[in-house]
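First up is the structure itself, then whatever we jot down about it.
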Amino acid sequence: MQKILVIEDDAIMGHMLCMYLSEEGYDVKQALNGKDGLQLMDELKPDVILLDLMLPDIDGMELCVDIRKRSDVPIMIVSMKTEVSERVHALKAGADDYLCKPFSLHELTARVYALIRRAQGSAKSGGAGADFRSEQAEDMSARSEEIKLDIERRLLIVRGQHVETTFSEFEIMRLFISHPGKVFSREDLINAIRGFDSFVTDRAIDVHIVNLRKKVEENPRSPRFIKTVWGVGYKYVQE
């Protein structure tokens, strides 16, 4: 049974989410503040975290950053804040999705399902056995001396240093490194990290690319690896 952690200080809203998601077959726990949320995260090891931005003890964005430092668990922000700037800020903080209140419970379930499906698909994508996964990882690593992916541990290694990534950033890098030179449109990247039943915008993809360039490029303003193809999208250049 997949586990969901709801970090929401509104007891009524939290109870509604827990009740609905439980009826959908999930094991759901709620924390009323950020401190309890971090403790429950360590105990529960959730498959998805639903995070409200307005908490009594800590700013939700700060908590999102803290969670991302500890885990690559998919994070969905659930908030009353509807400004585009808030969504962009959330993506930069490490969130994987953003849902504005009020929302359809059906849409919430679809997005939760999409996040879990993508995470599980990523975990299984190595193939039928450890040997295949090892070969795949070695193949990816060999394509660039400076940038490597450790598929087993979901780590990005840049010039010998482990670099933290969000779930979506890792999936984009996996796609790039698997297909060096191929041009991906923003729609291609959206479909790769979300699936067709979860919401993400072209702007969100651009934010992920900016964040990845900061992590892999020596000079993000003059990228060597992640190139913009004007009017189309992006490509990964293997040197």
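If you fit an axis through the alpha-carbon atoms of helix 11-23 and take the longest principal axis of the Cα set of the chain, what angle between them do you get, 0 to 90°, nearest 10?
Long axis of 11-23 versus the principal axis of the chain: about 70 degrees.
When only C-alpha pairs under 8 Å and at least 6 residues apart count, what is the relative contact order of the chain, in percent? Present the calculation step by step, with values, prior to reporting the outcome.
Numbers: 367 pairs, mean separation 33.2, N = 239.
Averaging sequence separation for qualifying contacts and normalising by length gives 14 percent for the chain.
Helix 60-70 versus the longest principal axis of the chain: what is the Cα-based angle in degrees, 0 to 90, to the nearest 10?
Long axis of 60-70 versus the principal axis of the chain: about 50 degrees.
To the nearest 0.05, what FRET efficiency results for F103 and N33 with a Förster distance of 22 Å applied to their C-beta separation?
Numbers: r = 22 Å, r/R0 = 1.00.
According to the calculation, E is roughly 0.50.
Quick one: which residues, 5+ away or cross-chain, put their amide H under 5 Å from the amide H of V48? H built at 1.01 Å from N.
K3, L5
For the chain, I need the span (max minus min coordinate) of the C-alpha atoms along each principal axis, in Å, sorted largest to smallest.
Cα spread of the chain along its principal axes, largest to smallest: 54, 40, 30 Å.
If you take the beta carbon distance between M13 and D188 as r and set R0 to 41 Å, what does 1/(1 + (r/R0)^6) give as a FRET efficiency, to the nearest 0.05?
Numbers: r = 36 Å, r/R0 = 0.87.
Plugging the Cβ-Cβ distance into 1/(1 + (r/R0)^6) gives 0.70.
Can you tell me the 0 to 90 degree angle between the C-alpha axis of helix 105-124 and the longest principal axis of the chain, rounded to 10?
With both axes taken from Cα atoms, the answer is about 40 degrees.
Mind putting a number on the dipole of the chain about its Cα centre? Charges go on the C-beta only, +1 for Lys and Arg and -1 for Asp and Glu, and I need it in Debye to the nearest 20. Before the final figure, lay out the partial values.
On the way: 33 positive and 40 negative charges, 163 e Å.
The dipole magnitude comes to about 780 debye.
Count the DSSP beta bridges whose two residues both fall in the chain, then state the antiparallel fraction as a percent rounded to the nearest 5.
Details: 15 of 31 bridges.
Bridges in the chain are about 50 percent antiparallel.
Quick check on packing: order 82-92, 28-38 by the mean number of other C-beta atoms within 10 Å, highest mean leading.
Working: 82-92: 16.5, 28-38: 19.4.
Ranked by mean Cβ neighbours within 10 Å, highest first: 28-38, 82-92.
Counting pairs of Cα atoms in segment 3-123, how many percent are more than 18 Å apart?
On the way: 3296 of 7260 pairs.
When all Cα pairs of segment 3-123 are counted, 45 percent exceed 18 Å.
To the nearest 0.05, how large is the calculated FRET efficiency for M54 and E24 if R₀ is 41 Å and r is the Cβ-Cβ distance?
The computed FRET efficiency comes out at 0.95.
In nm, to one decimal, how far is the modelled label at H162 from the one at W230, with both set 7 Å along Cα→Cβ?
Taking the simple label geometry, H162 and W230 are separated by 4.1 nm.
No lab work stands behind these numbers, since they all come straight from the coordinates. These figures come from a predicted structure and were not determined experimentally. No Cβ is skipped: glycine too gets one built from the backbone with ideal geometry, and neighbour counts run over all protein chains shown.
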